[in-house]
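Working notes, beginning with the structure itself.
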Amino acid sequence: MGAVDNGCLLEIKDIRKSFEGDKGKRNLILDDISLQVCKGEFVSILGASGCGKTTLLRIIDGLIESDSGEVILEGERVGPAQRRRMAFVFQDSNLLPWRSVQKNVELNLEAMKELSKAQRSERAIEALRLVGLEEVASRPPYQLSGGMQQRVGVARALARQPVVFLMDEPFGHLDNFTRERLQQEMSRLIERIGATVVFVTHDIDEAILLSDKIVLMRSNPGQVSRVLSVDLPRPRWKYNVRAHPTALALRESIVEELGLRIDDWEEVGGIQ
Ligand SMILES: Nc1ncnc2c1ncn2[C@@H]1O[C@H](COP(=O)(O)OP(=O)(O)O)[C@@H](O)[C@H]1O
Ligand SMILES: [Mg+2]
């Protein structure tokens, strides 16, 4: 079966998930989450720490099971065959220090038995080229900066040529300067390759810069509070997105929707 009728590649339907809490009590973490991701779409899931973003991404990838609901990729329920069609980028790239950068990228391809050794190496080089790291392919990862290591993490996912990329705050552990740079590189890369991405972040500006659609999540339990479309022209890396009136208005409505605005300074007593 091919893609579903409405053209959406990935469908998340009514996902509920609870974890065991204190004294055997179950804590509801995700409450009826539904969302759709169409081919070539960049969808961000934006919410505060602890609202269940990572849990949701793991459920999409089939790493953990939901209590109820389903994840459908290209018309089929996610099982081992579909898992191979998705690639994860984590907050930490966790590169193996004894393998070269290229061999780290190839590691993810070793389970793909249909690829020859030469094809694996070709794919790894191509992916490293896309993130601008072709020249350090033979170096050990510890010689690379944090930003470069994250780019290797992205290359590792690219090399698998997945149908969907799942990214869990891939720039979350980087310093501001490196993050700024990598966000722009990511923007350029996805526009070039037309990737389908589910991107988890708690950074409002990052979500606006990269996304076609932003899914706002509230916490306790994690629920979708609103879905916003980002109608900003592309290529976005070619202008200052943050200063664009549409981006400013969008930012304002996100801050409002997530209840991040303090309206009564007196009442909260200022900064403690
Ligand atoms: N394996 C687990 N067992 C129990 N609780 C968990 C587990 N994984 C996550 N949680 C809880 O679920 C909530 C959401 O976590 P997480 O999905 O990591 O949020 P986020 O990625 O948005 O910061 C948190 O309260 C966390 O403590
Ligand atoms: Mg998380």
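The values are calculated or read from the model by the stated rules, or taken from the named source; none is laboratory data. Just so it is clear, the model here is predicted, and its values are computed rather than measured. As a convention, Cβ positions derive from the backbone with ideal geometry for all residues, glycine included, and neighbour counts pool all protein chains shown.
So how many residues does the range 187-229 have that are within 13 Å of ligand 1 (Cβ to nearest atom) and either free of Cβ contacts under 8 Å to residues at least 24 places away in the same chain or acidic (Asp, Glu) (or both)?
Matching residues across the range 187-229 total 1.
What are the residues in the range 19-37 that are more than 8 Å from ligand 1 (Cβ to nearest atom) and either within 15 Å of the chain's Cα centre (by Cα) or without any contact (Cβ under 8 Å) to a residue 60 or more places away in the chain (or both), if any?
Hits for the range 19-37 are 22, 23, 24, 25, 26, 35, 36, 37.
Please state which one of 191, 257, 252, 206 is at pLDDT 95 or above and away from ligand 2 (no atom under 16 Å from the Cβ).
Values: 191 fails: at pLDDT 95 or above; 257 fails: at pLDDT 95 or above; 206 fails: away from ligand 2 (no atom under 16 Å from the Cβ).
Matching residue, one of 191, 257, 252, 206: 252.
Consider residue 29 carefully, then state whether it is of a type outside the set (Gly, Ala, Ser) and either in contact with a Lys or Arg (Cβ under 7 Å, 6 or more places away or on another chain) or modelled with pLDDT under 95 (or both).
So residue 29 fits the description; yes.
Need pairs with beta-carbon distance below 6 Å; first residue within 23 Å of residue 230 (Cα to Cα) and within the range 45-68, second away from ligand 2 (no atom under 12 Å from the Cβ) and part of a helix (DSSP H, G or I); sequence gap 6+ or separate chains.
Cβ pairs passing all conditions: 46/207.
Taking the range 1-26 as the search range and keeping residues that are among the basic types (Lys, Arg) and not in a loop (DSSP other than H, G, I, E, B), which one is modelled with the lowest pLDDT?
23
Residues being without any contact (Cβ under 8 Å) to a residue 12 or more places away in the chain and surrounded by 11 or more Cβ atoms within 10 Å (Cβ to Cβ): count how many of those fall in the range 111-123.
3
Just wondering, is there one or more residues in the range 211-232 that are surrounded by 21 or more Cβ atoms within 10 Å (Cβ to Cβ), among the charged types (D, E, K, R) and at pLDDT 95 or above?
No, the conditions are met nowhere in the range 211-232.
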